[in-house]
Each structure stands twice: as structure tokens, then as C-alpha cells.
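Working notes, structure below.
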Amino acid sequence: MSISMEQPPVVAPEERQCRDSDRANRRIAVRVVCHVPASACALGRVDTLARWATIKDQSPQGIGILAPRLYEVGTVLFVWTEARNVEPPILARVVHTRAESNGIFHGCKKLWETDITG
């Protein structure tokens, strides 16, 4: 029986960084790009109401919201569409934010009632 003593291939740091970045950007489900008028409010804080928000993308696990104000990372949002339809409001926790030319984009993880009540 022979044991191979080959070394693993050497990967340049910039190539490794790219691979790590690709791994971090993988999603469980593809987000669907959309442009749905909505409103958002931090859960339990009526003074944080943001009318004229827009749902920019959505998946079963997450939602992207563009709002005229900043919601801090960790904030639980109550989001509802402005259309008169039967879709229930969405609960979502802000995971990341970034400034855009027309507002603040909030990347959020959708939550269920059990995530809030324990």
C-alpha cells in the first residue's frame, strides 16, 4: 500500500478571497426581483412608519426593502403592500443595509410568529 504525499494546490490569496465571497453570497432560494409599493414600520414603534417604501426583491426566506429612512440591523419590521389584496403583512429582521441614491436598501430575513414570541 502506498500513501500519497502530494501537497494540495496552492491558491492565490485574491482567488481564495473570491471563492470565500462567492460562498457567502449563496442563497437557499433565488430572490425574485420586483417593484411593489409598500409601507414598513419597526414592530411596536408607530413613530417609525415609512410610507412610500418599495419591496425590491423577495424569496421564501428573505425580502429586500427600499425605504426613505434607515432601520438599524436587527430591527424587526412589519411590512405590508399598498395594493388592496389578500396578502398578509410580512415580518422581517433587518440583516444588512446600504445607502442608494433614492433611499436605504434593507436586506431582511423573513420571520414567523414563533420567531418573535419564542
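Structural remarks
- Taken together, 83, 29, 67 contain a single residue that is aliphatic (A, V, I, L, M) and modelled with pLDDT of 90 or more, which is 67.
- Filtering the stretch 76-96 for residues that are in a loop (DSSP other than H, G, I, E, B), polar (S, T, N, Q) and open to solvent by less than 20 Å² (accessible area, probe 1.4 Å) leaves an empty set.
- Only a single item in (1) at pLDDT 50 or above; (2) in a loop (DSSP other than H, G, I, E, B) is not met by residue 11, and it is number (1).
- Residue within the stretch 36-52 that is modelled with pLDDT of 95 or more, among the charged types (D, E, K, R) and surrounded by fewer than 18 Cβ atoms within 10 Å (Cβ to Cβ) present: no
- Any pair with Cβ under 8 angstrom, 6 or more apart, that starts in the stretch 56-71 at a residue that is polar (S, T, N, Q) and ends at one that is open to solvent by less than 10 Å² (accessible area, probe 1.4 Å): 58/64
- Close contacts from the stretch 100-118, counting a first residue that is farther than 16 Å from residue 64 by Cα and modelled with pLDDT of 80 or more and a second that is open to solvent by 100 Å² or more (accessible area, probe 1.4 Å) and assigned to a helix (DSSP H, G or I), with Cβ to Cβ under 6 Å and a gap of 6+ residues or different chains, come to none at all.
The values are calculated or read from the model by the stated rules, or taken from the named source; none is laboratory data. All values derive from a computational prediction rather than experimental measurement. Note that each Cβ is placed from the backbone with ideal geometry, even for glycine, and that neighbours are counted across all protein chains shown. Areas reflect the complete protein model, heavy atoms only, side chains present, ligands, DNA and RNA absent. Shrake-Rupley method; radii C 1.70, N 1.55, O 1.52, S 1.80 Å.
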